[in-house]
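One structure below.
The numbers here are math on the coordinates, done by the rules we state, and not lab data. For clarity, every value in this text was computed on a predicted model and none was experimentally measured. A quick note on method: Cβ atoms are made from the backbone with ideal geometry, for glycine too, and the neighbour counts reach across all protein chains shown.
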Amino acid sequence: MNIECKDSLRGQMELKLGKQINALISAAHALNVKTAASFDSSIQPAAFHIVRWLYSYGPTSASALAEATAMDRSSVSRLLKQLENLGYVQREDSPKDRRAIFLTLTDLGRQKTYDALQDKEFVFYERIAQWDNQQLETFIQMLKEFNGF
């Protein structure tokens, strides 16, 4: 096979990969919006993104949360206020520095997040239910490499 055919084939394969990655991102985004609505239909998906981050990584400052979620501080502040008023997020003194304030999920916030994520995860688990352990392990390893881990 000459180089031109190989490059052309590689280019076609990369386009197919891009199409599948886009499909995954689009499906994940749609599922996140749906999951946010099942968590609480009165909040924006961006607020659920904050809830989801706190559920995964634990208490943090508002500025660290803004940076981690790639949102501007004023948006994070507004969304946090709404989440606090609904009883999903609370402020706590930092264990290391009493002057610093950390944001954390309340028990209600954790339980509602858990319930919403169970529904979300079911959709993905249903797609891999027929895979054997080797297929699943291969997929996990390839995703880890793709994600740079």
FRET E, pair Q135, S56, Förster distance 22 Å, beta-carbon r, rounded to 0.05
0.25
Relative contact order (%) - criterion: Cα under 8 Å, at least six apart; region: region 3-146
21 percent
Determine the calculated [θ] at 222 nm for the chain from helices alone, applying -39500 (n - 2.57) to every DSSP H run no shorter than 4 residues and normalising by the residue count; nearest 500 deg cm²/dmol.
-24500 deg cm²/dmol
Taking the Cα centre of region 38-149 as origin, sum charge times position over the Cβ atoms of Lys and Arg (+1) and Asp and Glu (-1), and report the length of that vector in debye to the nearest 20.
500 debye
As I understand it, the dipole of the chain uses +1 on the Cβ of Lys and Arg and -1 on the Cβ of Asp and Glu, about the Cα centre. Which of L83, G18, H29 lies farthest toward its positive end?
L83
Calculate how steeply helix 107-128 sits against the longest principal axis of the alpha-carbon atoms of the chain, using the helix alpha-carbon long axis, and give the answer as 0 to 90 degrees to the nearest 10.
10 degrees
Rg to Rh quotient for region 3-146, alpha carbon positions, Kirkwood Rh:
1.10
Among the lysines, which fall within straight-line cross-link reach of K120, defined as a Cα-Cα distance under 25 Å, with same-chain neighbours fewer than 8 residues apart omitted?
K19, K34, K112, K144
Over the chain, with a Gaussian network built from C-alpha contacts below 10 Å, which listed residue (Q20, Q82, Q130) shows the highest mean-square fluctuation?
Q130
Region 41-47 - phi-based ³J(HN,Hα) in whole Hz, Karplus 6.51/-1.76/1.60, Gly and Pro as x
5, 8, 9, 7, x, 5, 5
